[in-house]
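Undergrad: One structure, pasted below without further comment.
The values are calculated or read from the model by the stated rules, or taken from the named source; none is laboratory data. What you see is a predicted model; the values in this text were computed from it and never measured. A quick note on method: Cβ atoms are made from the backbone with ideal geometry, for glycine too, and the neighbour counts reach across all protein chains shown. In case anyone asks, the SASA skips ligands and DNA or RNA and just uses the protein heavy atoms, side chains included. Shrake-Rupley method; radii C 1.70, N 1.55, O 1.52, S 1.80 Å.
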Amino acid sequence: HLNGRGGEAPPPWFKPEVFTQPDFDADAYIADLRRNVPLETLSSELEAHLGALKLKLVEVINEDYADFVPLSTQLVNVDGAVARMQKPLAELREKLGGVAQSVAEELAAVDGGLQRRSAAGQLRATLELMQDAAHVMSKVEKLLDEVEAMSAGTVDLDSRVRLYERVSSEVARLQFYAARGVGIPFVEQLQPRMQAARSALQTRLGEGFSSALEARSATAVGPVLNAYAAIGDSGGAEEVLRRDVVKPLVAEALRSAKGSGPRIGSNALAQALTAVAEAAEKQLGELLATVAAPSSGLHAFDFLGGCLLPEVDEAVAATLPGSFSPGVPAAFLGNYRAAVQFLERLEAAHVKSGAQLAAFRGAPATQRFLRRWNLSVYFSLRFQDIAATLDTAASVEGLPRID
């Protein structure tokens, strides 16, 4: 062991070999030892170890003295060698700096070229968008002129609705260009013409759909619905169907039920809803089946939840408002059951998939129709009747009353 005590071994806690470990940390070493060893003692041991190291260094120099002596003669003219190396290194540094500057300039030029190319590409895309929008706008207006001329003549319904379908595809393209061209002045200037074209097409589609429904022509209904779907106006088709078919259908069913008078009593609503369901299956069954078909591409239309049920809800509220009143619990229960059976019959007859079922049950019209039945008030009245009956039975002579 190296020590400065004339051969005396260091204490057990002092381990000089830890000084040569790669992860040696002087602060951590001292902090660890000072918990058990006074700093004065630790300082003394370190000084003794330092003295031992110096003695060992002298011994090593004395052992290899023959090698240490000529070492100084071998280091002659080191400064000159360093000076000779500095010049080529400086020249190399200067050349590398020039190359780096040239590369930076080339990169800046390439980056500028890419930016100009990107800007030119954007300008070209904008120009193409403007050209396409103007071309399609002119095409739509010419097609609408053909539609007007055809409507004034005696062209058959199927030919007219096929032309409507063709126009709708072009109007859909216009809508796409309008969405892409937000902020482009030229496209925004076309907006009034686009809106006028869409409005004119919607008018003709309404007329065509109404004629197709009146003629019960499946070959004409399909193209009209495709046209409505192309321009994203499912609500327009639902409005026409409700006005031309559903409203008269529901009105006739409720008129018949209401005209039956007191003989029907609480069954008036049940008979009316049954009549509506039967008429819907007869007059709308084919249309609803076409729309519900998985491959129809017409799933945007909700003729049940967006057309039939809203009309039934409003018509019943206007014609048979007492049907929703829980004042007569027995009649209310019969009406509520009739309403639920009506919804279940519509689902069974016209809903073909789980997604359609979820959409129908979650439709605002369905929720609104069910909310008209105030079940909490009904159960409250029923409970009062039951409680009154029980109270009367418990009040007979001989039975004690519990307050």
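Undergrad: I'd like the full set of residues that are of a type outside the set (A, V, I, L, M) and open to solvent by 60 Å² or more (accessible area, probe 1.4 Å), limited to segment 203-216. Walk me through how you get there before you give the answer.
TA: Our first condition is that a residue be of a type outside the set (A, V, I, L, M); within segment 203-216, this holds for 203-204, 206-211, 214, 216.
The answer is Thr203, Glu207, Glu214, Arg216.
Undergrad: Output the number of residues of segment 1-29 satisfying the condition of being at pLDDT 75 or above, open to solvent by 70 Å² or more (accessible area, probe 1.4 Å) and not hydroxyl-bearing (Ser, Thr, Tyr).
TA: Within segment 1-29, residues that are at pLDDT 75 or above, open to solvent by 70 Å² or more (accessible area, probe 1.4 Å) and not hydroxyl-bearing (Ser, Thr, Tyr) number 10.
Undergrad: Test Ser266 against the criterion of being surrounded by fewer than 23 Cβ atoms within 10 Å (Cβ to Cβ), part of a helix (DSSP H, G or I) and at pLDDT 90 or above, and give yes or no.
TA: no
Undergrad: Kindly check whether there is at least one residue in segment 288-298 that is open to solvent by 20 Å² or more (accessible area, probe 1.4 Å), out of contact with any Cys (no Cβ under 7 Å at 6 or more places or on another chain) and part of a helix (DSSP H, G or I).
TA: At the first step, the residues of segment 288-298 found to be open to solvent by 20 Å² or more (accessible area, probe 1.4 Å) are 289-290, 293-297.
After this cut, where a residue has to be out of contact with any Cys (no Cβ under 7 Å at 6 or more places or on another chain) as well, the list is 289-290, 293-297.
Then keep just the ones that are part of a helix (DSSP H, G or I); that gives 289-290.
Scanning segment 288-298, I find at least one residue that is open to solvent by 20 Å² or more (accessible area, probe 1.4 Å), out of contact with any Cys (no Cβ under 7 Å at 6 or more places or on another chain) and part of a helix (DSSP H, G or I), so the answer is yes.
Undergrad: Could you list all residues from segment 343-365 that are under 22 Å from Leu249 (Cα atoms), small (Gly, Ala, Ser) and in contact (Cβ under 8 Å) with a residue 12 or more places away in the chain?
TA: Residues satisfying the conditions are Ala349, Ala363, Ala365.
Undergrad: Could you tell me which of the residues Arg160, Arg84, Arg117, Arg166 is of a type outside the set (A, V, I, L, M), closer than 20 Å to Ala229 by Cα and free of Cβ contacts under 8 Å to residues at least 40 places away in the same chain?
TA: The unique qualifying residue is Arg166.
Undergrad: Report whether or not Ala318 is farther than 18 Å from Ala365 by Cα, assigned to a helix (DSSP H, G or I) and open to solvent by 50 Å² or more (accessible area, probe 1.4 Å).
TA: no
Undergrad: While we're here: Which fully enclosed helices (runs of 4 or more DSSP H) of segment 147-244 have 3 or more residues being among the hydrophobic types (A, V, I, L, M, F, W, C) and farther than 18 Å from Met137 by Cα?
TA: 185-215, 218-230, 234-241
Undergrad: Something else: Report, ordered by the first and then the second residue, all pairs with beta carbons closer than 7 Å, sequence separation of six or more or different chains, a first member in segment 56-81 that is at pLDDT below 75, and a second member that is surrounded by 10 or more Cβ atoms within 10 Å (Cβ to Cβ).
TA: Pairs that qualify, where the first residue is at pLDDT below 75 and the partner is surrounded by 10 or more Cβ atoms within 10 Å (Cβ to Cβ), are Phe68/Ile61.
Undergrad: Are any residues in segment 326-342 open to solvent by 40 Å² or more (accessible area, probe 1.4 Å) and closer than 22 Å to Ala251 by Cβ, and if so, which ones?
TA: Listed by number, the list holds a single entry, Gln341.
Undergrad: Further, regarding this structure: Which residue pairs have Cβ atoms under 6 Å apart, sit 6 or more places apart or on different chains, and have a first residue in segment 190-216 that is of a type in the set (A, V, I, L, M) and a second that is loosely packed, with under 13 Cβ neighbours inside 10 Å and in a helix (DSSP H, G or I)?
TA: Pairs found: none.
Undergrad: Of the numbered conditions (1) part of a helix (DSSP H, G or I); (2) farther than 18 Å from Phe301 by Cα; (3) open to solvent by less than 50 Å² (accessible area, probe 1.4 Å), Trp373 fails exactly one; give the number of that condition.
TA: Unmet condition: (1).
A quick yes/no check of all residues on (1) open to solvent by less than 80 Å² (accessible area, probe 1.4 Å); (2) farther than 25 Å from Glu238 by Cβ; (3) modelled with pLDDT of 90 or more:
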{"site": "Pro310", "(1), (2), (3)": "yes, no, yes"}
{"site": "Glu344", "(1), (2), (3)": "no, no, yes"}
{"site": "Ala349", "(1), (2), (3)": "yes, no, no"}
{"site": "Gln356", "(1), (2), (3)": "yes, no, no"}
{"site": "Pro364", "(1), (2), (3)": "no, no, yes"}
{"site": "Phe369", "(1), (2), (3)": "yes, no, yes"}
{"site": "Val377", "(1), (2), (3)": "yes, yes, no"}
{"site": "Phe383", "(1), (2), (3)": "no, yes, no"}
{"site": "Ile402", "(1), (2), (3)": "no, yes, no"}
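Undergrad: Look through segment 145-178, keep the residues that are within 24 Å of Arg216 (Cβ to Cβ) and polar (S, T, N, Q), and return whichever of them is surrounded by the fewest Cβ atoms within 10 Å (Cβ to Cβ).
TA: Taking the candidates together, the pick is Thr154.
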